[in-house]
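The values are calculated or read from the model by the stated rules, or taken from the named source; none is laboratory data. Here the structure is a predicted model, which is why all the values come from computation and not from measurement. Glycine gets a Cβ as well: all are built from the backbone with ideal geometry, and neighbour counts include every protein chain shown.
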Amino acid sequence: MAGSDSSLPLSGIRVADFSWFAAGPIAAQTLASFGAEVIRVESEAHLDGLRTTQPVPPGKEGPNVSGYYNNYNAGKYSFTLNLGHPGAREVALRLISRSDVMIENYTPRVVEKWGLTYDDVVKVKPDIIYAQLPMQGSTGPHRDFLGFGGIIAPFAGYSYLTGWPDRPPVGLGVNYPDYVINPGHAAIAILAALRYRKRTGKGQRIELAQTESTAATLGPQLMEYTVNRRVPERNGNRCAYAAPHGAFPAGGSGIGAQGPASPASDPSVSDRWIAIAVFTDEQWQGLLDAMGRPAWAEDERFATLLGRKANEDELERHIEAWTRTLPAEEAMRLLQAKGVPAGVVQTSQDVLDHDEHLRARGYYVYLDHPEAGRTAYDGVPMRLSETPGSLRAPAPLLGQHNDYVLREVLGYGDDEIADLLVQQIVF
């Protein structure tokens, strides 16, 4: 692995990353992208579930080829430590004592069992920044609840809002809190704590309860209830202060703006969509210009936002009849040229292979992994003009850097290393 770039803002910072799955590892990878040395502590006896998760390259198998895992762990070192062994605690504390930041996202009882709570760790590293991301926090009646973003989203109020008003909630479809909200908040909190330590010389404990972190992003919905005593309900793709506002089928698609109109499995259905959002009278006029000023638009019912909202079903049928006549990309260009917010609803293939803007900016990074081969990684999502981050290396193989960590970081000699291997504390 390439060494840390001393010009990067987090060069010289070492992170002991005891987290797993997504929320903790993504936060740690953000730090690695800007120069921190992140040592991912793993176990062969209890693999991170992402190492065994699809997708994997065709014909590949084993703990090192998961695209899921690799995408969230680029630029890290992998150190395998059997934390189920009583002797592993001394090794873990030794690593933490030589680190600036520790990250973990287990339920509180796990680190208590390991003897790696903040009170334990601060004895060997008084200025440690100890970031813990339990699902429900370290206190309260639900402290030992565990779960992923798919559970956190309904707990925090997201899932109730997603779907159609006449159907049950559909959820977000992915573990969204794990990928965006919680790692983002965690990275910001760690940077704030590092700044505090630089000013005062003192470390601190960061507690980021993932459910609370997720709920914090639903401010408008909470205000709707707090101020107006109205509980926001599911509204499909619609918006209370815009019309039209939805995803419309383009060029032969058989699915309507407010839900399925034909079986999704029908191979004759072209599943291409365009999202359109009209918030102002100017945008409404732009939409009419793009559509060629159709006769139906002269109806006074559609002249105002309130009128369009009152007749939204009919409005959407008219919009859909027009979008079906054009490829999604062509409709998007026509609308954007008239100042109407519009965009193709892109598939993952579109985003990776066809999006000319992302390609021109070089967002996706292709790295050569020793087992997975050449694969795409999400690029660094923020760009600093003077100290741009980068993915310095692909995700590590399981235990790839054991020798480096044991000798260079922890300072163990040959006999001590042999003893750790014989006892299966490190393997």
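Residues of region 330-361 that are outside any helix (DSSP H, G or I), closer than 26 Å to Pro55 by Cβ and free of Cβ contacts under 8 Å to residues at least 60 places away in the same chain: Gln346, Thr347, Asp355. When the residues of region 142-162 are filtered to those that are within 17 Å of the chain's Cα centre (by Cα) and touching a residue at least 40 places away in the same chain (Cβ under 8 Å), the one that is surrounded by the fewest Cβ atoms within 10 Å (Cβ to Cβ) is Phe148. The conditions of being in contact with a Lys or Arg (Cβ under 9 Å, 6 or more places away or on another chain), charged (D, E, K, R) and either in the same structural domain as Tyr77 (by TED's automatic domain parsing) or modelled with pLDDT under 95 (or both) are met by Asp353.
Only one of the numbered conditions (1) closer than 30 Å to Ala32 by Cβ; (2) of a type in the set (Ser, Thr, Tyr); (3) not assigned by TED's automatic domain parsing to the domain that holds Arg51 is not met by Thr304, and that is (1).
A quick yes/no check of all residues on (1) crowded, with 22+ Cβ neighbours inside 10 Å; (2) among the small types (Gly, Ala, Ser); (3) in contact with a helix residue (DSSP H, G or I) (Cβ under 8 Å, 6 or more places away or on another chain):
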residue: Ile39; (1), (2), (3): yes, no, yes
residue: Ser43; (1), (2), (3): no, yes, no
residue: Gln54; (1), (2), (3): no, no, yes
residue: Lys60; (1), (2), (3): no, no, no
residue: Pro63; (1), (2), (3): no, no, yes
residue: Arg94; (1), (2), (3): no, no, no
residue: Lys113; (1), (2), (3): no, no, no
residue: Pro126; (1), (2), (3): no, no, no
residue: Ala131; (1), (2), (3): yes, yes, yes
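In this structure, is Ala22 farther than 22 Å from Arg407 by Cα, of a type in the set (A, V, I, L, M, F, W, C) and either at pLDDT 95 or above or touching a helix residue (DSSP H, G or I) at 6+ places or on another chain (Cβ under 7 Å) (or both)? Taking the combined requirement at face value, the residue satisfies it. Only a single criterion out of (1) assigned by TED's automatic domain parsing to the domain that holds Val380; (2) modelled with pLDDT of 95 or more is not satisfied by Pro9, namely (1).
Across region 320-334, which residue is farthest from Gly251 (Cα to Cα) among those that are within 30 Å of the chain's Cα centre (by Cα) and of a type outside the set (Gly, Ala, Ser)? Here the residue is Arg333.
Checked against the criteria, Asn70 does not count as assigned to a loop (DSSP other than H, G, I, E, B), crowded, with 17+ Cβ neighbours inside 10 Å and either of a type outside the set (Asp, Glu) or at pLDDT 95 or above (or both). Quick test for you: out of Gly62, Gly75, pick the one residue that is in a loop (DSSP other than H, G, I, E, B), closer than 22 Å to Leu406 by Cα and under 27 Å from the mean Cα position of the chain (by Cα). Of Gly62, Gly75, the one residue that is in a loop (DSSP other than H, G, I, E, B), closer than 22 Å to Leu406 by Cα and under 27 Å from the mean Cα position of the chain (by Cα) is Gly75. Only residues that are part of a helix (DSSP H, G or I) and under 19 Å from Glu408 (Cβ atoms) were counted in region 89-112, giving 8.
Has region 352-359 got any residue that is basic (Lys, Arg) and either surrounded by fewer than 16 Cβ atoms within 10 Å (Cβ to Cβ) or in contact with a Leu (Cβ under 6 Å, 6 or more places away or on another chain) (or both)? Yes, region 352-359 has at least one match.
The rows are residues; the columns are (1) surrounded by 19 or more Cβ atoms within 10 Å (Cβ to Cβ); (2) assigned by TED's automatic domain parsing to the domain that holds Ala36; (3) within 30 Å of the chain's Cα centre (by Cα).
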| site | (1), (2), (3) |
| --- | --- |
| His369 | yes, yes, yes |
| Gly373 | no, yes, yes |
| Pro381 | no, yes, yes |
| Gly389 | yes, yes, yes |
| Arg392 | no, yes, yes |
| Ala395 | yes, yes, yes |
| Val405 | yes, yes, yes |
| Phe427 | no, no, no |
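A Cβ distance below 8 Å, combined with a sequence gap of six or more or placement on separate chains, defines the contacts here; from region 197-219, residues that are within 12 Å of Ala186 (Cα to Cα) and outside the structural domain of Asn182 (by TED's automatic domain parsing) reach no residue that is of a type in the set (A, V, I, L, M) and outside any helix (DSSP H, G or I). I'm checking my understanding of the structure. Among residues of region 85-120 that are basic (Lys, Arg) and without any contact (Cβ under 8 Å) to a residue 60 or more places away in the chain, which one is farthest from Glu416 (Cα to Cα)? If we take residues in region 85-120 being basic (Lys, Arg) and without any contact (Cβ under 8 Å) to a residue 60 or more places away in the chain, then Arg109 is farthest from Glu416 (Cα to Cα).
Check whether at least one residue in region 384-397 is assigned to a loop (DSSP other than H, G, I, E, B), touching a Leu at 6+ places or on another chain (Cβ under 8 Å), hydroxyl-bearing (Ser, Thr, Tyr) and farther than 15 Å from Tyr69 by Cα, and report yes or no. Steps first, please.
To start, the set of residues in region 384-397 that are assigned to a loop (DSSP other than H, G, I, E, B) comprises 384-397.
Now drop any that are not touching a Leu at 6+ places or on another chain (Cβ under 8 Å), which leaves 387, 389, 391, 393-394.
Remaining after also requiring hydroxyl-bearing (Ser, Thr, Tyr): 387.
Still in the list and also farther than 15 Å from Tyr69 by Cα: 387.
Yes.
For region 25-47, give me each residue that is assigned to a helix (DSSP H, G or I) and more than 15 Å from the chain's Cα centre (by Cα).
Filtering region 25-47 for residues assigned to a helix (DSSP H, G or I) gives 25-33.
Passing the criteria: Ala32, Ser33.
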